[in-house]
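Nothing in this text is a laboratory measurement; each read-out follows from the coordinates by a stated rule. Note that the structure is a prediction, hence the values are computed from the model and not measured. Because the Cβ atoms are built from the backbone with ideal geometry, glycine has one as well, and the counts that use them run over all protein chains shown.
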Amino acid sequence: MKRIIISHEARQLFRSGAFRALLLLMAGAVAFAAWSGQRSIDRQAEGANAAAAFEDGRRARMREGTEQYQARVLAEGGEYQFASASHSPGAGPPQGTNPGVVGSTTAKYLTLPPTGLASFSIGQSDIQLSYVPVSMNPAMNITRDNELENPVNLMTGSFDIAFVVIFLLPIFILAISYDLLSSEKERGTLAMILAHPISLRELLASKIVARAGVLLAGILALGLAALLAVGASLDQTDTWVRFGLWMAATLLYALFWFALSVLVNVYGRNSAANGIALAGAWLALVVVAPTLVSLLATTLYPAPSRMELTTAARQAQTEAESAYMERLSEYYYDHLELVPEGDGSAMDFLTVAMANRNAVDKAVRPLHDEFQAQLNRQESLVQRFQFISPAIMMQLALNEISGTSADRYEHFLNQAYDFRAEWSEFFTVRFLQRSPLRPADYDQFPVFEHREEPFGAVMTRLLPSLLGMLALLATAIVVPLLRLRRYQVAAT
Amino acid sequence: MLQAVKLTKRYGGIEALKGLDMTVEGGDIYCLLGANGAGKTTTISLFLNFTEPDAGTASVCGLDVTREPLETKKLLAYIPEQVMLYGNLTALENLRYFAQLGGRDYSREEYRGFLSRVGLQPEAVDRRVKTYSKGMRQKVGVAIALAKQARALLLDEPTAGLDPKASNEFSELLLKLKSDGAAILMATHDLFRARETGTRIGIMREGRLVDELSTGEVTHADVEKIYLQHMHAGGHYAQQGASSA
């Protein structure tokens, strides 16, 4: 019995020019979003490659210098020596032999590898660059280059598939279901249908199944096409698991909007009233609620400006310079076991600069930590308040699924901070020991290996959003079921 | 076939139907007459279970419509004042959809057969019904009832606004259905047609059945006289109803 209505409704949908136009529009939007998301990911990859190539190139040239130097020492005899930091090229040992110079003037670029689905949801990755420089410089420099994007682009957000799903998909769904019952009632066919052995509930369910079936088949096809076109690592299970999660989240989100249409329709208003009510709901849930939550987060936990951070760093720098002798003893105090013999060599310019840098790092660390902590507090507030709107839940879920969530980024940054400590330590020790870098030492430099979080951690963060949407969907289904008995089929 | 027992319906505080008792047997065409708001449409809505009674029962072939809404609807056909169809489908497609909703299915030729039996021009069968006149749509409505093999028909002013020829054709169809043994309940304002095609006439006023006539025993003039008497003498009958209730 239901099958008849489902196929009738599906046929009616495809006969409607508006629906065919909507389908085309959606396909176009997904294609554009896939392209735009991919472009954003490509740009980051290009940026990362260029930056890494530049810095690695400088290190390679330094290594070349040491190789020539080593050959010369072998040929002419003499000792392989440590170069003191100097800007004037001379006949002495090249700068590449000085670990302090290599460690502080070149940076190592670390990259957060994108997941296979990264281009589906850009998330915050346009603000939080997926590649960061690590050197002996203070830890705050790691995130200093973030927010490089044109602020206007940042304001409007990126047009990725997540945007299509969160903002446009509900509009498509409401457009084909806002008058689910009201149109039949207004056309007069509702009474004709219900004079047959069909219950109102069966009719509603069949109409929804027809629409949801057609739409979700479309979404699955478009999603698959997008994955094949712009997805990466298609040979990895991880990508397909993420795609499955993406589809599950989209299904939940789409069904919520269908349920909302039913909810509005069972109150028996006319199509125009239903349309206005649903447009209002879309505006409130998709536009207003996320804005309010974001506003709440930035008002309750305002992020200290980066300006403050920079000012504090400069202040520390000035202080350090004015009292450098003191700083220097403090620095050596930190590395007592490494104080070189004979004070004279310990006073050179680079040692002083590195001591200063150390002081600056110590001085700005609390501010920097507070800055990060404040961002975390904003993030956790959004996570707590996500349940007021399916759009927020969906955004968090999609970022999580695509591997562009704030938490994954933080996990990466923490590894970067750890690596910075390792990198600094490697060069500091050799520098203070005045141990010259030989070409072979270049192969011993610390290597960064990004450790992916366990999938369980991702699921733990994803689950509240999915369960929240499920609960919202259940509510939106139960209410119409209770209300349906009071539906007036005929005008009285 | 169609039976109402003490059927009562209130909308808000207003009693639209006050303890209606009536029976329509198979082979009967029972015509309900009465002013707008007398309760004719409410009676039909109750038989269709579009709305639930506050007291009393409506039953079709012995089945209570509120307890067995889907079973009773298999036996019923409904032709409203305007038979509304899917404008972008042809008559045949509309007929097939509604027949399938009623749990029946036929071959294309059989569907054409139903449509030709109700007198739809063969060339119109494959045209989209948005181009149809009201008379043509009412004929499709009857074809739907035929295809459903309904045992009882509920008609709500089906001939209002039809031209005399179309109205006459419609009455002929009703007589055919009657001869097949269907129980037909029709709300109408057309006293002449009620006398011509009906077997019995019920006159309603303010939610009550105030009179019942057999068309064989009265002339058209009688029907009109009795009807108008009831309408004019409303106060008197309302009092009588109140004292008997």
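Along its principal axes, chain B has C-alpha extents of 58, 41, 31 angstrom, given from the largest down. For the segment A:182-195, counting C-beta atoms of other chains within 10 Å of every residue's C-beta and taking the mean gives 5.
Which helices pass in chain A if a helix is a full DSSP H run, must span at least 27 angstrom along its long axis by Cα, and must have mean Kyte-Doolittle hydropathy not below 1.6? Within chain A the helices that satisfy the rule are A:200-230, A:455-483.
Set Lys and Arg Cβ to +1 and Asp and Glu Cβ to -1, take the dipole of chain B about its Cα centre, and tell me which of B:Leu177, B:Gly103, B:Thr215 lies farthest positive. The one lying farthest along the dipole's positive direction is B:Gly103.
The mean number of Cβ atoms from other chains found within 10 Å of a Cβ in peptide B:71-83 is 3, as a whole number. Look at the alpha carbon pairs under 8 Å that are at least 6 residues apart: their mean separation over the length of chain A gives a relative contact order of 26 percent. Counted over the protein assembly as shown, the DSSP beta bridges are approximately 60% antiparallel. Here the alpha carbons of chain A define both size measures, Rg and Dmax, at 30.6, 111 Å. Calculated mean residue ellipticity, 222 nm, chain B: -12000 deg cm²/dmol, from DSSP H runs (n ≥ 4) at -39500 (n - 2.57) each, averaged per residue and rounded to 500. Estimated from helices alone, the mean residue ellipticity of chain A at 222 nm is -23000 deg cm²/dmol (sum of -39500 (n - 2.57) over DSSP H runs with n ≥ 4, per residue). Pairs over the 26 Å Cα-Cα cut-off, from the set A:Lys207/B:Lys134; A:Lys108/A:Lys362; A:Lys185/B:Lys134: A:Lys207/B:Lys134.
Of all aspartates and glutamates in the structure, those lying under 20 Å Cα to Cα from A:Lys2, and not within fewer than 8 positions of it along the same chain, are A:Asp179, A:Glu184, A:Glu202, B:Glu68, B:Glu71, B:Glu93, B:Asp105. Qualifying chymotrypsin sites (Phe, Trp or Tyr not before Pro) in segment A:1-89, where qualification requires a DSSP coil assignment and no more than 15 other C-beta atoms within 10 Å, comprise A:Tyr80. What lysines could a cross-link reach from B:Lys18, if we take a straight Cα to Cα line under 26 Å and drop same-chain neighbours fewer than 8 places away? Excluding near neighbours in sequence, the set is B:Lys6, B:Lys9, B:Lys40, B:Lys73, B:Lys225. Under a 5 Å amide H cut-off, with hydrogens placed 1.01 Å from N, B:Leu153 pairs with B:Ala77, B:Ala183, B:Ile184, B:Leu185 among residues at least 5 apart or on other chains. Put simply, the amide H of B:Met204, placed in the peptide plane, has neighbours under 5 Å in B:Leu33, B:Gly34, B:Val210, leaving out anything fewer than 5 places away on its chain. In terms of packing, defined here as the mean over residues of other Cβ atoms within 10 angstrom, the peptides A:405-418, A:249-262 line up highest first as A:249-262, A:405-418. Note that segment B:96-106 has calculated 3J(HN,Hα) couplings of 5, 4, 5, 5, 5, 4, x, x, 10, 8, 9 Hz, one per residue in order, obtained from phi through the Karplus relation 6.51 cos²θ - 1.76 cosθ + 1.60 (θ = phi - 60°); glycine and proline are x.
For segment B:48-159, the mean projected area of the C-alpha convex hull, equal to one quarter of the hull surface, is 7.2 nm².
Remark: mean inter-chain Cβ contacts per residue of B:97-106 equal 5, using a 10 Å Cβ-Cβ cutoff to other protein chain atoms.
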